[in-house]
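S.K.: So that we are looking at the same thing, I have put the structure below in structure tokens.
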Amino acid sequence: MNDLEGRIALVTGSATGLGRSMAVKLAQRGADLIVNYSRSSDEAEECADLCRAEGAQVSVVQADVAQADGCHALVAAAAARGRLDILIHSAGITRHAPDQSDLDALSKDDFMDIYAVNVVGPYMMVQAAKPLLVAAHEQTGRASAVLNTSSIAGVLGIGSSVAYAASKGALNTMTLSLARALGPSIRVNAVCPGFIGTRWFRDKMDEDAFAKVEQSIMARTPLAAASGPDDIADAALFFVSDAARHVTGETLLVDAGLHLGMPQ
């Protein structure tokens, strides 16, 4: 299906994990890509090669979305293509402090660093990209699409740390504000994954421990599933497609039902 053919998509944090999966799926559907990374240059080139194998034209840009200069560098890469149809914010960080009763586990700097990437970064990206997104709407008559990658943490206040959950809650609220402010030229939505079996989790434990976590997740979800990046990406791409042309200001939980609690 080439329903996104001719469109230009920029995916922040697309070297690995969910960002990579979304970039590849965009390429499979005909979009050309701007792949972004902060530190993982080899992985970013691997992502670009996967997208090119699907027939996409790909630019790879190193940039830190927590810095205004980084956001402008990414938008400049899109400007070189003439417009920007799809902007996906997948870059994100956390500080692991799972015992949320331990208020000494997080510092002011932890909060500031997390908010800089998870909240301020997406705002600055939209701020920099707005002229291109509006121009794409004017050229095509189709609203451009912005997708924020949020988390179940921002809905339930769970996850790797209080600071991370708070940042994703803020991102969900910002999704509403921007959707209201930027229509009709730009649609803004968010996807909220639950557990995803990426290196975000794997790097914190050995294979046995990770397998136990997956089994625990499967036991706690009505669909008896532990999601992978492709599971989330398939749902996320709905928001940037024409199937969602009348959808803006929405947040979608994609978590196999984890938010519902223990199956009965």
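S.K.: Using the Cα gyration tensor of segment 1-157, with a ≥ b ≥ c the square roots of its eigenvalues, what is the shape: rounded (a/c below 1.5), prolate (a/b larger than b/c) or oblate (neither)?
M.R.: Here segment 1-157 falls in the prolate category.
S.K.: Take a quick pass over the chain and tell me how many lysine pairs come in under 25 angstrom between Cα atoms, counting only ones 8 or more apart or on separate chains.
M.R.: Lysine pairs meeting both conditions in the chain amount to 7.
S.K.: Let me ask something else about it. Contour minus end-to-end for residue 238 and residue 250, with contour as 0.36 nm per residue of separation and end-to-end as the Cα-Cα distance?
M.R.: Numbers: separation 12, 0.36 × 12 = 4.32 nm, distance 1.18 nm.
Extending this stretch completely gives an extra 3.1 nm.
S.K.: Mind giving me the nanometre distance, one decimal, between the label points for residue 206 and residue 112, set 7 Å out from Cα along Cα→Cβ?
M.R.: 3.9 nm
S.K.: Follow-up question, since we're still on this one. How far, in nm, would the chain grow between residue 80 and residue 100 when pulled straight, counting 0.36 nm per residue and subtracting the alpha carbon separation?
M.R.: In short, 2.7 nm is gained.
S.K.: Do the sum for the chain: with -39,500 (n - 2.57) for every DSSP H run of n ≥ 4, divided by all residues, what is the mean residue ellipticity at 222 nm, to the nearest 500 deg cm²/dmol?
M.R.: Dividing the helical sum by the residues of the chain leaves -14000 deg cm²/dmol.
S.K.: Going by alpha carbons, how many degrees (0 to 90, nearest 10) lie between the helix axis of 17-28 and the longest principal axis of the chain?
M.R.: 30 degrees
S.K.: Quick check: at a probe of 1.4 Å, how many percent of the accessible area of the chain sits on carbon and sulfur atoms?
M.R.: Exposed carbon and sulfur together represent 51 percent of the surface.
S.K.: Separate question: With Kirkwood radius over Cα pairs in Å defined as stated, name the option among [x] 21.0; [y] 18.5; [z] 19.6 computed from the structure displayed.
M.R.: Here the calculated entry is [y].
S.K.: Specify the angular offset, from 0 to 90 degrees and rounded to the nearest 10, of the alpha carbon long axis of helix 41-53 from the longest principal axis of the alpha carbons in the chain.
M.R.: The answer is roughly 60 degrees.
S.K.: How would 125, 174 line up by accessible area, probe 1.4 Å, largest first?
M.R.: 174, 125
S.K.: Still on this structure, I have one more. Radius of gyration and Dmax for segment 14-104's Cα atoms, expressed in Å?
M.R.: Cα radius of gyration and Dmax of segment 14-104 are 15.0, 50 Å respectively.
S.K.: Ignoring ligands, DNA and RNA, what accessible area per residue does segment 21-160 give at 1.4 Å, in Å²?
M.R.: Dividing the accessible area of segment 21-160 by its residue count gives 44 Å².
The values are calculated or read from the model by the stated rules, or taken from the named source; none is laboratory data. Values in this document were obtained by computation on a predicted structure and should not be read as measured data. Glycine also receives a Cβ, built like all others from the backbone with ideal geometry; neighbour counts cover every protein chain displayed. When the accessible area is computed, the model is the full protein with side chains, heavy atoms only, and any ligands, DNA or RNA have been set aside. Shrake-Rupley method; radii C 1.70, N 1.55, O 1.52, S 1.80 Å.
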